[in-house]
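The values are calculated or read from the model by the stated rules, or taken from the named source; none is laboratory data. This structure is a prediction, so every number in the text was calculated from the model and none was measured. FYI the Cβ positions are ideal-geometry reconstructions off the backbone, even for glycines, and counts take in every protein chain you see.
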Amino acid sequence: MPVLQRIAVSGSSGLIGGALVGQLKSEGHTVQRLVRRPTVAPDEISWDPKKGTVDLSALEGVDAVIHLAGAGVGDKRWTPKYKAEILNSRLLGTTTIANAVAEVKPRVFISASAMGWYGETGNRAVTEADRGGDDFLATVCREWENAADAAGDIRTVKLRTGLVLDPTGGALGKMIPLFRFGLGGKLGSGKQWWSWITLHDVIRAITFSLDNAIYGPVNVTAPNPATNQEFTASLARAMHRPALFPVPGFALKTAFGGFSIEMLGSKKVIPQALLDSGFVFDYPHIGAAIAALVDSES
């Protein structure tokens, strides 16, 4: 049985945050949600990233702070205004939370980041020891992670999360309806590497990080990246549908603008820190993972 803890979580309304809060509560932990509005429930703590404020008195005595909040990178077209929102939501939010962590001194600070840190990797596999990229999201991730350092000497974990798979949201949630109607297919050439992980294993990796001596950058991806063609073929097979309609790169660029770079780009990311720490993935292979997720959705 895990030692019961008091844990503060930002971004609790998101795909990962919502699942994480549910899991922590099911294990008996006390969870307090950081909300960007006046509090209306006993389990809420007010914070304002734009003003840089947190209710420190309500945060006192927490064992862990898990910071997941930030504007979604795939939610809107990448206009200059939205790119600024993507960056600023992470810089302001993480700086605010990290400064609060330095004040209240929990045992551990877990802060979101993303595999975008590596930029384009092509067919080259990368681990936490590799250098970062130089494109827009790599720059965002670098600034994002640097902001978390304001927590000082608190054990800090930076979650470089990959493509999170769950039928209720994210990329897989958007692809399932297309494949259900036989309209799915590879994106672009299909040769690009996608570093993926099930939402189930993301939550397990975060809770693992609470009580194990892991720190610094942590790639939260399955140990076996898949090409986009392997990914889409696995989804078609699990849904008993063909994958006959490849989406050309120019169509993705027209539909998604700057974010299409992420869909067509290649990131082959290996979770070396988790593997070295003894973490065991429940879903290490794409075929079994997608089959289980499609089955749970039907």
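Scanning the stretch 10-51 for residues that are outside any loop (DSSP other than H, G, I, E, B) and closer than 22 Å to GLY173 by Cβ turns up LEU15, ILE16, GLY17, GLY18, ALA19, LEU20, VAL21, GLY22, GLN23. Applying the condition of being polar (S, T, N, Q), surrounded by 12 or more Cβ atoms within 10 Å (Cβ to Cβ) and more than 16 Å from ALA69 (Cα to Cα) to the stretch 21-48 and asking which residue is farthest from the chain's Cα centre (by Cα) yields THR39.
Looking at ALA71, ALA58, just one residue is closer than 27 Å to PRO217 by Cβ and either without any contact (Cβ under 8 Å) to a residue 40 or more places away in the chain or out of contact with any Lys or Arg (no Cβ under 7 Å at 6 or more places or on another chain) (or both), and that residue is ALA71.
Would you confirm whether or not the stretch 4-16 contains a residue that is free of Cβ contacts under 8 Å to residues at least 12 places away in the same chain and either in contact with a Phe, Trp or Tyr (Cβ under 6 Å, 6 or more places away or on another chain) or basic (Lys, Arg) (or both)?
Going through the stretch 4-16, the residues free of Cβ contacts under 8 Å to residues at least 12 places away in the same chain turn out to be 13.
Checking which are either in contact with a Phe, Trp or Tyr (Cβ under 6 Å, 6 or more places away or on another chain) or basic (Lys, Arg) (or both) leaves us with none.
The answer is no, given that none of the residues of the stretch 4-16 is free of Cβ contacts under 8 Å to residues at least 12 places away in the same chain and either in contact with a Phe, Trp or Tyr (Cβ under 6 Å, 6 or more places away or on another chain) or basic (Lys, Arg) (or both).
Evaluate the stretch 187-195: report whether one residue or more is of a type outside the set (Val, Ile, Thr), on the phi > 0 side of the Ramachandran plot and out of contact with any helix residue (DSSP H, G or I) (no Cβ under 7 Å at 6 or more places or on another chain). Looking through the stretch 187-195, none of the residues is of a type outside the set (Val, Ile, Thr), on the phi > 0 side of the Ramachandran plot and out of contact with any helix residue (DSSP H, G or I) (no Cβ under 7 Å at 6 or more places or on another chain). If you go through the stretch 33-55 and pick out every residue that is without any contact (Cβ under 8 Å) to a residue 40 or more places away in the chain and small (Gly, Ala, Ser), you end up with 2.
When you scan the stretch 20-32, how many residues do you find that are touching a residue at least 24 places away in the same chain (Cβ under 8 Å) and either polar (S, T, N, Q) or on the phi < 0 side of the Ramachandran plot (or both)? Spell out the reasoning first.
Filtering the stretch 20-32 for residues touching a residue at least 24 places away in the same chain (Cβ under 8 Å) gives 20, 23-24, 27-32.
With either polar (S, T, N, Q) or on the phi < 0 side of the Ramachandran plot (or both) added as a condition, the list becomes 20, 23-24, 27, 29-32.
Residues that pass the stated criteria total 8.
For LEU187, the conditions (1) touching a Lys or Arg at 6+ places or on another chain (Cβ under 9 Å); (2) at pLDDT below 95; (3) surrounded by 15 or more Cβ atoms within 10 Å (Cβ to Cβ) are fulfilled apart from (1).
Only one of the listed residues (GLY17, GLY22) is in contact with a Gly (Cβ under 7 Å, 6 or more places away or on another chain), closer than 28 Å to GLY162 by Cα and not polar (S, T, N, Q). That residue is GLY17.
If the condition is being in a loop (DSSP other than H, G, I, E, B) and at pLDDT below 95, then the stretch 62-91 contributes ALA69, GLY70, ALA71, GLY72, VAL73, GLY74, ASP75, LYS76, ARG77, TRP78, THR79. Residues in the stretch 92-123 that are of a type in the set (Phe, Trp, Tyr) and either assigned to a helix (DSSP H, G or I) or farther than 22 Å from LYS51 by Cα (or both): 2 in all. Of all residues in the stretch 239-292, exactly one satisfies the criterion of being among the hydrophobic types (A, V, I, L, M, F, W, C), surrounded by fewer than 16 Cβ atoms within 10 Å (Cβ to Cβ), at pLDDT 95 or above and part of a loop (DSSP other than H, G, I, E, B), namely VAL280. Right, ILE110: surrounded by 23 or more Cβ atoms within 10 Å (Cβ to Cβ) and over 15 Å from MET263 (Cβ atoms) or not? Yes: the conditions hold for ILE110.
In the set (1) among the small types (Gly, Ala, Ser); (2) surrounded by fewer than 23 Cβ atoms within 10 Å (Cβ to Cβ); (3) in contact with a Pro (Cβ under 7 Å, 6 or more places away or on another chain), GLY93 fails one condition alone, (2).
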